Amino acid sequence: MKFVPGNYESVQALGLSSNEKKFLKTLKEHCNNLEAIILLKLLPINNLKLDICWIDNEMGFLPIITVNPNTTNIEQMFSVYENIILKKYVNDLENKFMNFKSLYNNGIVFPFGIIFFFENLKRNSLKISNRFIENHCLFLDDIASWNNYKDIQKKFRKALLTRPESFKSFTDAQLKNMKFAVCPEYTIPKISTEEVGQDSWGRSDKKSLLRKIAKDNFDFKTLELTDEQIDMINNIKFGHELILAGAGSGKTVLLTSRAFRVAKAFPEKDILLTCYNSPLAESVKLFLDISGMSLRNLKNKTFHGLLVELLENNGIPCFRTGDDGYFEKLFNTAVEALEQGKIENRFYGIFIDEIQDFKPEWYEFLTRLIENKKEYIINICGDKTQDIRGIIAENGEPWNIVEEIDYKDSKNILKRNFRYSKHMNNFIKAFGHASQSLLKKLDIKQYEDEELFIRSETVFDIKTEYPEILKTIKFDVEINKVIECIVDIHNKKNIPYSEIAILFPYRKNEYKKYYPYYYLLKALDEKGIPYTDFCANENGLSSYYNRRGAVVSTINKSKGLDFQAVILFGLHGLYPNKIDRNSSKENKKIFLRHVNLLYTAITRASKYLSVVILDSPNNPYLRLFDDTQLILKKVHKKKTKKRGYMK
């Protein structure tokens with residue numbers, strides 16, 4: 001038997017009553033050896049609470065709802081629960097499940113029932129009885145009378161509303177999608193245009209975003225957070241916390257789920273969930289919408305969008321767009337308005353994603369929007385290695401600017417990964433080692449930072465192959481090699497075009513007369529390879545979920561997204577061309593920023609990665625990939641020798 005969260009006995013935020021704890025203790029005593037899952041204190045649908053959800057292959061899905069009716073008319077109360085509340089639960093849960101073909105096919109495909117736990121009543125004190133009370137109601141003396149699992153089984157069976165004859169046992173996909181349906185905050189949804197057969201969303205209905213995605217032929221898969229991350233979602237404490245993790249760690253889902261939990265617990269308070277780039281904010285919005293986690297008091301905005309809203313809502317004129325200095329002017333206008341007391345908006349909790357993208361003064365501004373400095377929640381989340389704008393390298397860690405908020409003793413580092421195959425994960429770890437070794441040789445101080453290139457372990461057991469580094473000598477050969485990679489990945493590895501991304505640092509380098517973006521589009525058109533050009537579309541996320549063909553994108557625009565295969569090229573446009581210990585401080589900063597950029601690029605790939613690079617002498621970026629491959633070879637050689645395959 002598995003309880004979710006596993007540490008429920010010590011998590012006060014769940015709000016388990018003493019009688020609920022007695023009930024769970026009884027289940028643990030008599031059913032501990034069963035392969036059942038117990039989900040606790042869920043709020044998935046229109047404020048319908050699911051206090052205890054039993055899931056196993058015999059009972060199917062059995063939610064148990066704790067109720068404390070305050071009425072003297074017992075007979076009328078039971079009539080309301082039987083004729084109104086029970087039907088509403090069944091209807092709402094059925095609507096949730098019908099979004100998934102694996103859970104619904106002209107009806108729920110697994111055993112399903114409902115029990116109401118009247119924790120302050122005893123059955124032997126009732127003067128009425130009927131089929132509903134007998135089958136769907138649970139009382140304190142019922143629990144006290146249970147001596148073994150058979151007594152519990154007998155009660156649970158009576159509560160079942162459906163028992164499909166075709167049901168044998170839950171598949172892994174069914175269990176994951178059921179969890180997404182009823183506790184999305186514990187899952188990581190994956191959406192793609194690929195048909196993979198795990199599960200795809202079912203019926204079309206314009207009223208439901210889930211069904212709209214199904215109509216557009218998207219595929220849906222659910223990954224589960226680890227027990228440690230689920231515990232982190234529920235162990236939210238007043239004060240501040242920093243969460244650091246690498247790409248693909250599920251940190252955005254973790255942060256979003258925490259924000260949802262707080263917004264649910266304090267419905268009268270405003271909660272802010274913010275980030276820097278639009279694709280990430282849109283991705284979070286999609287997650288909130290499809291999971292039913294959107295709440296009136298949970299505001300999900302980019303920092304730019306927040307500034308505009310704060311000014312406009314308080315009657316302060318501002319422009320939404322402008323020249324290169326527009327954003328700085330917008331921010332300064334907001335700071336001035338806040339100092340003058342013109343911005344009245346305040347937040348009980350603030351959750352910041354991709355904190356490495358925030359300038360220190362932006363972070364400080366957000367902390368000034370806290371409603372109560374004695375009772376507040378600030379959670380920030382990020383990956384220092386994805387500091388591709390050079391903010392941390394230039395200004396230091398943004399969260400250190402506010403002296404009163406010290407994260408030294410409130411920091412968590414996530415070391416699980418939900419994206420990579422084993423080979424990809426090993427390559428990324430080797431890239432981290434190679435990067436820090438090279439930074440040390442170049443006397444770039446960041447090599448000492450243990451929070452850069454966080455090594456994680458993948459949850460996937462699939463094996464693909466190690467990334468390939470393809471060296472060329474001419475620009476035209478480079479483009480031809482990229483085309484060859486696309487054809488090979490699509491035809492031989494059976495990866496859909498829409499799951500292949502061709503990434504490059506910059507569209508062009510005028511100084512070197514190097515135009516990778518232009519020549520790539522020309523080659524794709526000549527070969528008739530379909531593609532979606534992110535560079536030509538301002539709405540990156542819209543392009544991502546409506547893409548047709550391979551994706552063409554700068555590394556910056558791909559941030560926050562992932563693909564089964566990535567082809568990285570255009571590295572000849574990176575500066576500096578040469579670097580050593582005696583290089584200028586400015587060149588070292590640029591090099592570090594570009595190392596972070598390459599890390600961001602390679603971490604977009606879940607299965608396959610090809611790096612096409614011009615073979616030029618002393619190229620520090622080529623050296624970085626060569627060193628990565630050498631590390632992998634050494635590790636593989638050691639493992640092979642250890643296993644006894646070498647003499």
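The values are calculated or read from the model by the stated rules, or taken from the named source; none is laboratory data. Note that the coordinates shown come from a computational prediction; the quantities given were computed from them, not determined experimentally. Every residue, glycine as well, gets a Cβ built from its backbone with ideal geometry; the counts of neighbours run over all protein chains shown. For the accessible areas, the whole protein counts, side chains as well, though only heavy atoms, and no ligand, DNA or RNA atoms are used. Shrake-Rupley method; radii C 1.70, N 1.55, O 1.52, S 1.80 Å.
Looking at the range 328-357 only, could you name the residues that are touching a Lys or Arg at 6+ places or on another chain (Cβ under 9 Å) and at positive phi?
Once the filter is applied, which keeps residues that are touching a Lys or Arg at 6+ places or on another chain (Cβ under 9 Å) and at positive phi, the range 328-357 yields only GLU354.
Looking only at residues that are closer than 22 Å to SER10 by Cα and part of a loop (DSSP other than H, G, I, E, B) in the range 229-262, which one is most open to solvent (accessible area, probe 1.4 Å)?
LYS237
Being open to solvent by 60 Å² or more (accessible area, probe 1.4 Å) and either closer than 15 Å to GLU20 by Cβ or aliphatic (A, V, I, L, M) (or both) is the filter here, so list the residues in the range 68-78 that pass it.
Passing the criteria: only ASN68.
For the range 456-511, what are the residues that are among the hydroxyl-bearing types (Ser, Thr, Tyr) and more than 32 Å from the chain's Cα centre (by Cα)?
Passing the criteria: THR472, TYR511.
So is LYS585 more than 35 Å from the chain's Cα centre (by Cα), at pLDDT 90 or above and farther than 15 Å from LYS508 by Cα or not? Explain how you work it out, then say what you get.
Values: more than 35 Å from the chain's Cα centre (by Cα): yes; at pLDDT 90 or above: yes; farther than 15 Å from LYS508 by Cα: yes.
Yes, satisfied.
Does PHE167 qualify as being surrounded by 15 or more Cβ atoms within 10 Å (Cβ to Cβ) and within 32 Å of the chain's Cα centre (by Cα)?
yes
Just for strands (runs of 3 or more DSSP E) wholly inside the range 266-363: which have at least 2 residues that are surrounded by 15 or more Cβ atoms within 10 Å (Cβ to Cβ) and touching a Gly at 6+ places or on another chain (Cβ under 8 Å)?
Of the strands (runs of 3 or more DSSP E) lying wholly inside the range 266-363, those with at least 2 residues that are surrounded by 15 or more Cβ atoms within 10 Å (Cβ to Cβ) and touching a Gly at 6+ places or on another chain (Cβ under 8 Å) span 271-275.
Could you run through the range 395-442 and say how many residues are surrounded by fewer than 21 Cβ atoms within 10 Å (Cβ to Cβ) and either touching a Cys at 6+ places or on another chain (Cβ under 8 Å) or farther than 19 Å from THR628 by Cα (or both)?
19
On the basis of being assigned to a loop (DSSP other than H, G, I, E, B), farther than 18 Å from GLU478 by Cα and open to solvent by less than 10 Å² (accessible area, probe 1.4 Å), does LEU624 make the cut?
No: the conditions fail for LEU624.
Give all pairs with beta carbons closer than 8 Å in which a residue from the range 440-466 that is at negative phi meets a residue that is open to solvent by less than 40 Å² (accessible area, probe 1.4 Å) and of a type in the set (Asp, Glu); count only pairs at least 6 apart in sequence or on separate chains.
From residues that are at negative phi, the pairs are ILE454/ASP383.
Can you pull out the residues in the range 376-389 that are open to solvent by less than 10 Å² (accessible area, probe 1.4 Å) and aliphatic (A, V, I, L, M)?
ILE377, ILE378, ILE380
Among the candidates ILE413, ILE469, single out the residue that is within 23 Å of ALA565 (Cβ to Cβ), touching a residue at least 24 places away in the same chain (Cβ under 8 Å) and either in a strand (DSSP E or B) or of a type in the set (A, V, I, L, M) (or both).
That would be ILE469, the only listed residue that is within 23 Å of ALA565 (Cβ to Cβ), touching a residue at least 24 places away in the same chain (Cβ under 8 Å) and either in a strand (DSSP E or B) or of a type in the set (A, V, I, L, M) (or both).
With respect to LYS522, is the statement that it is open to solvent by 60 Å² or more (accessible area, probe 1.4 Å), in contact with a Phe, Trp or Tyr (Cβ under 6 Å, 6 or more places away or on another chain) and either on the phi < 0 side of the Ramachandran plot or of a type in the set (D, E, K, R) (or both) true?
Taking the combined requirement at face value, the residue does not satisfy it.
For residues in the range 499-519 being out of contact with any strand residue (DSSP E or B) (no Cβ under 8 Å at 6 or more places or on another chain) and in a helix (DSSP H, G or I), which is least open to solvent (accessible area, probe 1.4 Å)?
By that ranking, first place goes to TYR519.
Looking only at the range 353-365, decide whether some residue is farther than 21 Å from PHE327 by Cβ and not hydroxyl-bearing (Ser, Thr, Tyr).
no
Say we look at the range 478-493 and pick out the residues that are in contact with a strand residue (DSSP E or B) (Cβ under 6 Å, 6 or more places away or on another chain) and not aliphatic (A, V, I, L, M); which of these is farthest from VAL612 (Cα to Cα)?
Among those residues, the one meeting the criterion is CYS485.
Here is a yes/no grid of residues against (1) open to solvent by less than 50 Å² (accessible area, probe 1.4 Å); (2) at pLDDT below 90:
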position: GLY6; (1), (2): no, yes
position: THR26; (1), (2): yes, no
position: LEU43; (1), (2): no, yes
position: TRP54; (1), (2): yes, no
position: MET59; (1), (2): yes, no
position: THR66; (1), (2): yes, no
position: VAL80; (1), (2): no, no
position: SER102; (1), (2): yes, yes
position: GLY113; (1), (2): yes, no
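Going through the range 364-375 one residue at a time, which ones are open to solvent by 60 Å² or more (accessible area, probe 1.4 Å) and either basic (Lys, Arg) or more than 16 Å from LYS269 (Cα to Cα) (or both)?
Correct list: GLU364, ARG368, LYS373, LYS374.
Do any residues in the range 577-605 that are under 16 Å from PHE563 (Cβ atoms) have Cβ atoms under 7 Å from those of residues that are open to solvent by 30 Å² or more (accessible area, probe 1.4 Å), where the two are at least six apart or on different chains, and which pairs are they?
Short answer, once both residue conditions are applied: ARG604/ASP562.
So, of the residues in the range 129-164 that are of a type in the set (Gly, Ala, Ser) and open to solvent by 30 Å² or more (accessible area, probe 1.4 Å), which turns out to be modelled with the lowest pLDDT?
Step one: of the range 129-164, the residues of a type in the set (Gly, Ala, Ser) are 129, 144-145, 159.
Checking the rest, the ones that are also open to solvent by 30 Å² or more (accessible area, probe 1.4 Å) come to 129, 144-145.
Details: SER129: 90, ALA144: 93, SER145: 94.
Among them, the one singled out is SER129.
Consider only pairs whose beta carbons are under 7 Å apart and that are at least six residues apart or on different chains; among these, list those whose first residue lies in the range 291-306 and is touching a residue at least 12 places away in the same chain (Cβ under 8 Å) and whose second residue is charged (D, E, K, R).
Hits for this filter: MET293/GLU185; LEU295/LYS264; ASN297/LYS269; ASN297/ASP270; LYS299/ASP270; ASN300/LYS285; LYS301/GLU309.
Given the structure, is THR252 touching a residue at least 24 places away in the same chain (Cβ under 8 Å) and within 27 Å of ASN99 (Cα to Cα)?
Criteria met by THR252.
Regarding THR464, is this residue open to solvent by less than 40 Å² (accessible area, probe 1.4 Å), assigned to a loop (DSSP other than H, G, I, E, B) and modelled with pLDDT under 95?
yes
Kindly indicate whether ILE479 is in contact (Cβ under 8 Å) with a residue 24 or more places away in the chain and in a loop (DSSP other than H, G, I, E, B).
no
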